[in-house]
Amino acid sequence: MRAAVRHRYGAPEVVAVEEVPAPRPGEHEVLVRVLVSTVNRTDCAYLAGTPWFLRLVSGFRPRARVLGTELAGLVEAVGADVTGYAPGDRVFAYVEGTFGAHAELAVVPTGGMLATVPEGIDLEHAAAATEGSHYALSMIRRAGVRPGQDVLVHGATGAIGSAAVQLLVAMGVRVTAVCPAEHVDLVRSLGAAEVLPLGDRSAGAVPGRGFAAVLDAVGRSTFWHYRRSIAPRGVYTSSELGPLGQNVLLAAFGPLARRTGMRRVVFPFPMESAEVMQHLRDQLASGALVPVLDRSYPLDEVVDAYRYAGSGRKVGSVLLKVAQG
């Protein structure tokens, strides 16, 4: 099979399309013919091997030669003990850890982030419905957001931010979103009650706004920037470690801050489970979650896809068309 392969950490140019042996499904796995994948922030981080602590997981020399965390396609074969899936089923999945979505065939365990694609949903939107969305859901749940609250989403045009806006709106949360001025209309169409242009002084960092939570979906603000805009007992959370790892350090004081009624930081360690996948599938099926798609590249242009995904200019998700159905 054809796959996008890398043998070392580095820039997008270390990736090349090669012929590699096809995987075989284990007893509790399905083999998926990958039609659509994405190139996302997670892929870019593992490609570069940054931040440094990723290498504690992925190896000081990369163990995963074929990256790719999101996929949608058709079940090709099933393991001996698999029930609930059959060849020909349309499925989508998230495979961070094992990776392998940037290949024509990938194995996916059935007990985790795997589900059938809902009727009426195309594979492009299904492929883009897990990476940013599960990180967004983790931020929402870790922050303890409840229906009826006011929440600010900083960086509302990426895969995480655009999913966060939609998932919050579906919960009955009033969302204020911060994004580049050229994308205000897009973010408003996602359901945000108020959209503030990035760089405008009114973009959330105004004392007295009283947000129950601030979710930084791009990791480019700080708790200190938004502190006086957060309600007492409110929460700040970010998708990144922050300058000098401050978000993790501040989160260590979270339990004390909570007991004393102070504003606090929580770190949104991602939640990956069958329950999370089912929740995202339900949101996708209902139309509450419609992944924002930017542009699409064929597998042979995977280097260009990485360059664009890592440029900071993407809106929503970058698709990778891997194989023909």
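The values are calculated or read from the model by the stated rules, or taken from the named source; none is laboratory data. Everything numeric here is computed off the predicted structure, so don't read it as measured data. All Cβ positions, even for glycine, are placed from backbone atoms using ideal geometry, and neighbour counts span all protein chains on display. Side chains are part of the model used for accessible areas, which takes the heavy atoms of the whole protein and leaves out ligands, DNA and RNA. Shrake-Rupley method; radii C 1.70, N 1.55, O 1.52, S 1.80 Å.
Would you say HIS134 is closer than 30 Å to ALA16 by Cα, open to solvent by less than 10 Å² (accessible area, probe 1.4 Å) and under 13 Å from the mean Cα position of the chain (by Cα)? Yes; evaluated as a whole, the condition is true for this residue. Scanning for something more than 21 Å from CYS179 (Cβ to Cβ), touching a residue at least 40 places away in the same chain (Cβ under 8 Å), touching a helix residue (DSSP H, G or I) at 6+ places or on another chain (Cβ under 6 Å) and open to solvent by 20 Å² or more (accessible area, probe 1.4 Å), does the range 209-231 turn up at least one residue? The answer is no; no qualifying residue exists.
Conditions (1) small (Gly, Ala, Ser); (2) assigned to a loop (DSSP other than H, G, I, E, B); (3) closer than 21 Å to MET271 by Cβ, marked per residue:
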{"residue": "LEU74", "(1), (2), (3)": "no, no, no"}
{"residue": "VAL82", "(1), (2), (3)": "no, yes, no"}
{"residue": "VAL91", "(1), (2), (3)": "no, no, yes"}
{"residue": "ALA136", "(1), (2), (3)": "yes, no, yes"}
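In the range 97-111, of all residues being assigned to a loop (DSSP other than H, G, I, E, B) and at pLDDT 95 or above, the one that is surrounded by the most Cβ atoms within 10 Å (Cβ to Cβ) corresponds to ALA101. The residues in the range 302-318 that are open to solvent by 20 Å² or more (accessible area, probe 1.4 Å), under 10 Å from ARG41 (Cα atoms) and in contact with a strand residue (DSSP E or B) (Cβ under 9 Å, 6 or more places away or on another chain) can be counted, and the count is 1.
Candidates in the range 12-44 are the residues that are open to solvent by 50 Å² or more (accessible area, probe 1.4 Å) and free of Cβ contacts under 8 Å to residues at least 40 places away in the same chain; of these, the one that is nearest to ALA93 (Cα to Cα) is PRO21.
Could you check, for the range 253-261, whether at least one of its residues is touching a helix residue (DSSP H, G or I) at 6+ places or on another chain (Cβ under 9 Å) and crowded, with 22+ Cβ neighbours inside 10 Å? Explain how you work it out, then say what you get.
Looking only at the range 253-261, we keep the residues that are touching a helix residue (DSSP H, G or I) at 6+ places or on another chain (Cβ under 9 Å), and these are 257.
After this cut, where a residue has to be crowded, with 22+ Cβ neighbours inside 10 Å as well, the list is none.
The answer is no, given that none of the residues of the range 253-261 is touching a helix residue (DSSP H, G or I) at 6+ places or on another chain (Cβ under 9 Å) and crowded, with 22+ Cβ neighbours inside 10 Å.
Counting only helices (runs of 4 or more DSSP H) that fall entirely inside the range 228-325 and contain at least 2 residues that are under 19 Å from the mean Cα position of the chain (by Cα) and closer than 30 Å to GLU13 by Cα, the qualifying elements are 302-309.
Somewhere in the range 114-124, is a residue small (Gly, Ala, Ser), open to solvent by 30 Å² or more (accessible area, probe 1.4 Å) and either farther than 18 Å from SER296 by Cβ or part of a helix (DSSP H, G or I) (or both)? Taking every residue of the range 114-124 in turn, at least one turns out to be small (Gly, Ala, Ser), open to solvent by 30 Å² or more (accessible area, probe 1.4 Å) and either farther than 18 Å from SER296 by Cβ or part of a helix (DSSP H, G or I) (or both).
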